[in-house]
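No lab work stands behind these numbers, since they all come straight from the coordinates. What you are looking at is a predicted structure, and each value in this text was computed from that prediction instead of being measured. So basically every Cβ, Gly included, is an ideal-geometry build from the backbone, and we count neighbours across all protein chains shown.
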Amino acid sequence: MHECAGPGISGEDDFTGLLRLAAEEAGPRVVGYWAQQGEEGVARAKELGAIGAAGDLFVDGALGSHTACLHEPYADSGHTGNAYLDAAAVAAHVVACTEAGVQAGFHAIGDAAVTSVVEGIRAASEKVGLARVRAARHRVEHAEMLTPETIAAFAELGLTASVQPAFDALWGGDDGMYVQRLGAERARTLNPYAALLRTGVPLAFGSDSPVTPLDPWGTVRAAAFHQTLEHRVSVRAAFTAHTRGGWRAIGRDDAGILVPGAPADYAVWRAADLVVQAPDDRVARWSTDPRSGTPGLPDLTPGAELPVCLRTVVFGQPVFVRPDE
């Protein structure tokens, strides 16, 4: 679990209490981020046990409340939202984080907010060096309104897109909240997962709980059956983004897979059928021919029953066993 805390959304006692509870009790691993700006914020993040001065460091707000920062006004309002950090502030924070050897990260949803993040991180790379910025794996939370230019910049700067496919399931489509706020044309551009993958941008899927429920298979389904067809990815690509993706987002390339020597963190699920589900031109780099031996995954076609968790193991120790098993 990635805990995105900060002085503006939770508090130090809440954050350190969660990290302490995770260390003392059987349960999920918890990785903490502390969203506080600049050199002082970076130092405080380290003192509190966070791995980065990141998470919900707000560049803007949300589409539902008309506070995501846009280049053009909302379709149902006469303004462009709120900007809480500009490119200069982003650059200063990224420089401080990069020089301290920790991740920076920002909450950015609207296209103007994402542009500020890209411009700020590019300015930081000109000061500390592009290789150092890329090595730090800085991250952007949500990154919903992207353009071909900002997607290319994510790849150039080595940014991780920490995204929530359930947002599209809830608010996408022809008559969802996105269309109400942005109009149909702009709404169709949101959450372009296939374009991000084609460009080589690392994806880490999550829930943004409590905004959407903790529902991993539902999240994988939402990405594979995105309501905008061109943004869909294969089930396996979505599964990878929700397993290895979270680990890679914290700089761990050895986890999120079941191989000898990898951390023994896994769940056992009951599923009706296993299939290789890439029946169209969604992003996929493996064969769907049964003769290839590509491992199957649960059938996540909308309407199909989602898998049921039977057991969860962390650090090699069971932390959950379904009572009826």
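For the peptides 125-135, 159-169, the ranking by mean Cβ contacts within 10 Å, running from highest to lowest, is 159-169, 125-135.
For Arg188, what is the net charge nearby, where nearby means another residue's Cβ is under 14 Å from its Cβ and Lys, Arg count +1, Asp, Glu -1?
-4
Per residue, the chain reaches -11000 deg cm²/dmol at 222 nm when only DSSP H runs of four or more residues are counted, each adding -39500 (n - 2.57). The residues neighbouring Glu305, those whose beta-carbon lies less than 15 Å from its own, together hold a net charge of -1 under the Lys/Arg +1, Asp/Glu -1 convention.
Taking amide H atoms as placed 1.01 Å from N in the peptide plane, the amide H of His71 lies under 5 Å from those of Asp111, Ala112, each 5 or more residues away in sequence or on another chain. Applying 0.36 nm per residue to the separation of Gln317 and Glu230 and subtracting their alpha-carbon distance, the gain on full extension is 27.2 nm. Short-range pairs are left out: with C-alpha atoms under 8 Å and at least six residues apart, the relative contact order of region 1-149 is 21 percent. Highest-first packing order for the peptide set 250-263, 46-59, 88-101 is 46-59, 88-101, 250-263, based on the mean count of other beta carbon atoms within 10 Å. Taking 1.306 mPa s as the viscosity and 10 °C as the temperature, the Stokes-Einstein diffusion coefficient of region 101-231 based on its alpha-carbon Kirkwood radius rounds to 106 µm²/s. The amide H of Val275, built 1.01 Å from its N in the peptide plane, has Leu297, Asp299 as neighbours under 5 Å, considering only residues 5 or more places off or on other chains. Computed from backbone phi, the HN-Hα couplings of region 170-185 come to 7, 10, x, x, 6, 9, x, 4, 4, 5, 4, 7, 10, x, 4, 5 Hz, rounded to whole numbers (Karplus: 6.51 cos²θ - 1.76 cosθ + 1.60, θ = phi - 60°; Gly and Pro given as x). Annotation: peptides 231-238, 24-31, ranked by per-residue average of other Cβ atoms within 10 Å with the highest first, follow the order 231-238, 24-31. The slack in the chain from Lys127 to Asp76, taken as 0.36 nm per residue of separation less the alpha-carbon distance, amounts to 14.3 nm. Charge tally for Pro263 (other residues, Cβ to Cβ under 11 Å; Lys, Arg +1; Asp, Glu -1): 0.
Between Val319 and Thr312, Val313, Val314, the built amide H atoms are under 5 Å apart, and every one of these is 5 or more places off in sequence or on another chain.
Scaling against 2.2 N^0.38 Å puts the C-alpha radius of gyration of the chain at 0.99.
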